[in-house]
Each structure stands twice: as C-alpha cells, then as structure tokens.
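Participant: The structure's right below; bear with me while I get my questions together.
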Amino acid sequence: MDRLASEKDVVRAQLSSVERQLQSVKVENLARAQKVKELETQLAAELARATSEAEVLVPSYRADAEAANTRAKEIYDAAEVRLSRVADHARRQSRRETLEEVHARGFDLTADIESAKFLEDEAGALLSDDEDSASGSESGGDEDEAPEDAAPEAD
C-alpha cells in the first residue's frame, strides 16, 4: 500500500509537472498568436500606405511618360522637316552646279543658273532658320511646308 501511495504521489507530481508545462506552452502560444496579430496589423498598415503612395505616383509617372512621348514626337517631326530641307538644299545645289558645268561648256544657261542660285539661297535660308529655331523654340509645321510650294523647280 505504501508503494501504491508512493507511485500515486509520483504520478501526481508528474501530472502536475505536465500541467505546468502545458500551461506554459499555452501562454507562449497565446503570446506568439498576439505577436502574429500585431505583425499582421502592421503589415496591413504598411501595405495600405504603400498602395496609396503608388496610387498617387502612378498618374504622375503616366503624365511624365506621355509628356516624354509628346516631346519625342515633336523632336522627330522637327528632325524630319530638317532632313527634308537639307535634302532639298543639296538637290538644288547639285542642280545649280550641273547647270554651271553645262554653261562652262559653252551653253547659255544664265537664266537657269540664276534661278537655281535663287532657289538654293532660299533653301539655305530655310536651313539657317531651322538652326535658329532649333537653338531657341521649335518652329510651327505651317511655315515648314510653305517654301516648297512657293518656288517650284524648273526642269
């Protein structure tokens, strides 16, 4: 009976120890669960803040991208006009030089040469206007197209 009472006391002590350990684990789990909830709350707040910042920045970036695209198109259009004028000037200069060569061989092409010089000077003036406007503000598209129609080339 003493042995049974002794075993009973040992089992009760073990049971009490296990209950204390279980209670300790429950307390730790509750503390961890509370910490997880706090972290989730912080994360949700950070996510909401980041989302609202992104919602503010995205339209600004879109506007910047649209402005950059518009500016690139303006630059492309100006370069295209400039290239057209350079090609026109080179073509007119070549025509004048050809007429001068023919004139040097004894043909009377004075009127054609004078006309070619006038057209070449006019194309050169357009080029210098382009260079001035490129260093300052950009010129409009209506001015760019008018000189081609003003003095058609005589072939």
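Participant: Please tell me the relative contact order of the chain in percent, rounded to the nearest whole number, where contacts are Cα pairs under 8 Å and at least six residues apart.
Facilitator: Working: 36 pairs, mean separation 26.7, N = 155.
Once divided by the residue count of the chain, the mean separation gives 17 percent.
Participant: If you don't mind, another one. In region 21-95, carbon and sulfur make up what percent of the accessible area (probe 1.4 Å)?
Facilitator: That fraction is 62 percent.
Participant: Which shape class applies to the chain: rounded if a/c is under 1.5, otherwise prolate when a/b exceeds b/c and oblate if not, where a ≥ b ≥ c are the square roots of the Cα gyration tensor eigenvalues? Before the final figure, lay out each step's value.
Facilitator: Working: a/c = 11.98, a/b = 5.92, b/c = 2.02.
Prolate, since a/c reaches 1.5 and a/b exceeds b/c.
Participant: How much accessible area per residue does the chain have, in Å², with a 1.4 Å probe? Walk me through the numbers on the way to the answer.
Facilitator: Details: 12290 Å² over 155 residues.
Roughly 79 Å² per residue, with all protein chains present.
Participant: Counting only helical runs of four or more DSSP H residues, what would the 222 nm mean residue ellipticity of the chain come to if each run contributes -39,500 (n - 2.57) and the total is spread over all its residues?
Facilitator: Result for the chain, helices only: -33500 deg cm²/dmol.
The values are calculated or read from the model by the stated rules, or taken from the named source; none is laboratory data. Note that the structure is predicted; figures quoted are calculated from it, not measured. The accessibility values were calculated without ligands, DNA or RNA, using every heavy atom of the protein model including side chains. Shrake-Rupley method; radii C 1.70, N 1.55, O 1.52, S 1.80 Å.
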